[in-house]
Amino acid sequence: MKRQIIAKLLLALVAMLFFVSAANPTIGFIVDSVDIDNFPEIKLRLTAWESTGAVLKSLKATDFQIQENQGEPFTPGSLEIDTDSPLAVALVLDVSGSMVGQALKDAQVAAARFLDRLSSNDQAALVAFSEGVNPDPGQLKADKEYGFTHELKVLYDAVEGLEAGGGTELYNALQKAIALTAQLPEGHRAILLLSDGVNDPANVGDPETPIQMAKELNVPIFTIGLGYHTDEDYLTRLANETGGLVRFAPRSSELAQTFKEIADMLKTQYILTYESQLTQAGAEVTANVSLVVDGVSNQRTVLLTGIDQKLNELQQRSSPDSPEQAPSGPAEALTPGPEQTAQAPSIEASEPDQSMPPNEEPAPTVSEFLREPWVWLGLVSLLAVFIFFLSKRKKTQPICTCARCGYKFSDNTSNCPQCGESRKI
């Protein structure tokens, strides 16, 4: 009998583990942004994680499959990693009465460690909530609520000065944080919630409003359930239905490590690049992105807008009658095309200059004449001949004739070298 009871208990435990694992896949990812500027090339920025919240490392392009508008799935071209991607995150911290004492101290340390991981390119906001929360993002409570800022020291000081006490208006606090986050441009943005998930008083706020807002505005919620008496169902719904992740920390001493792992995960992005296979599209295109790692899969559907306009631009550039190839003005319109060149002479050839007699070229000017190389060559040659004869003339001695014997000799000689006569002719 005891063995049967033990066997039933074991079966029940296995069934519980099965359902828990089925509800929480071991991998997760979200597509943070889409870039179609260089269409047909499309870039997807995404964040991926394991069930523990740690970064899903060593991913490859072949781990993904893309399917556009229910077409044939294909593998993307490349995958890059960015370990310091700009991030905008809203910290939503429970500072109700259940956080009095060590829980608040550990939460403050954990939040500070999370801010340590951010850089000057990142933004953060703070919604520390207990009771009396106004969901209007334009109404911020001093010392507990701050809009998005790059000046993280303001948030460090605010976290350090938090005090616990009062109720837990979780739904209104989330609604406010989502509205604050939605004011930023779409991209790498998220909400990080620390709470036990129990709204108190129960009749304040609406539990469905934050979930619907986050889904419509594409704001993922990452939840950390603190304590042994958490509303696991609601915290899990918040994460799963908005594209985030849920973690549970029974002891507040675990918060610092949990916050650090989520910070590392959010600061790491993958850039997935693929060549679109679309040849026609409507106003909106859906792309199913599937990730399979070690037999475990997950999938996200991404809405691509503006693809039809990009396709029209490509078709116009490739069309021979596109405006980019048509003449842009009167001067271009007169330029003959290939067919015109074969059939008719150009305007310059068909209209000769009437100021010149036919078949007669104008006489060159002096400057044009001097620019001819053969003119300069002739002048240099004449100058060389003149110098040569001038030098020969200087070297030639005067000649005279002897009056006696008729011998010719230099006039510089006084007597005839032949007969000695001094008389010269």
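What follows is calculated from the coordinates using simple rules that are stated; it is not laboratory data. Keep in mind the model is a prediction, meaning the values are calculated, not measured. Here the Cβ is made from the backbone with ideal geometry for all residues, glycine too, and neighbour counts use every protein chain on show.
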Self-check item: Inter-part distance where the stretch 190-207 and the stretch 261-287 are each reduced to a Cα centre, Å
Solution: 31 Å
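So, with +1 on the Cβ of K and R and -1 on the Cβ of D and E, and no other charges, what is the size of the charge dipole of the stretch 155-275 about its Cα centre, to the nearest 20 debye?
Numbers: 8 positive and 18 negative charges, 54 e Å.
Roughly 260 debye for the stretch 155-275.
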Exercise. Obtain the nm distance between the two label points defined at Ile387 and Asp35 by a simple spin-label model: each point lies 7 Å from its Cα along the Cα-to-C-beta direction.
Key: 7.2 nm
Exercise. Just subtract the alpha-carbon distance of Gln212 and Thr273 from 0.36 nm times their residue separation and send over the number in nm, one decimal.
Key: 18.9 nm
Self-check item: Two-decimal log10 I(q)/I(0) for the stretch 56-202, as the Debye equation yields it once each C-alpha is a single scatterer, q = 0.10, 0.11, 0.15, 0.21 Å⁻¹
Solution: -0.44, -0.51, -0.79, -1.25
Quiz item: Taking the Cβ of Pro137 as the center, what net charge do the other residues with Cβ under 11 Å away carry, scoring Lys and Arg +1 and Asp and Glu -1?
Solution: -1
Quiz item: Just in the stretch 216-287: which chymotrypsin sites (Phe, Trp or Tyr not before Pro) are loop by DSSP and have at most 12 other Cβ atoms within 10 Å?
Solution: Tyr228
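With the cut-off at 20 Å, report for the stretch 109-185 the share of all Cα pairs above it, as a whole percent.
Values: 916 of 2926 pairs.
For the stretch 109-185, the fraction of Cα-Cα distances above 20 Å is 31 percent.
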Exercise. Holding the Cα-Cα limit at 31 Å, pick out from Lys60/Lys105; Lys260/Lys310; Lys215/Lys310; Lys60/Lys153; Lys43/Lys153; Lys215/Lys267 the pairs that are longer than that.
Key: Lys60/Lys105; Lys260/Lys310; Lys60/Lys153; Lys43/Lys153
Quiz item: Given 10 Å bins starting at zero, what is the percent of C-alpha pairs of the stretch 19-121 in each, up to the one with the largest pair distance?
Solution: 10, 30, 31, 19, 8, 2
Quiz prompt | Potential extension, Cys405-Val296 segment - 0.36 nm per residue separation minus Cα distance | solution = 25.6 nm
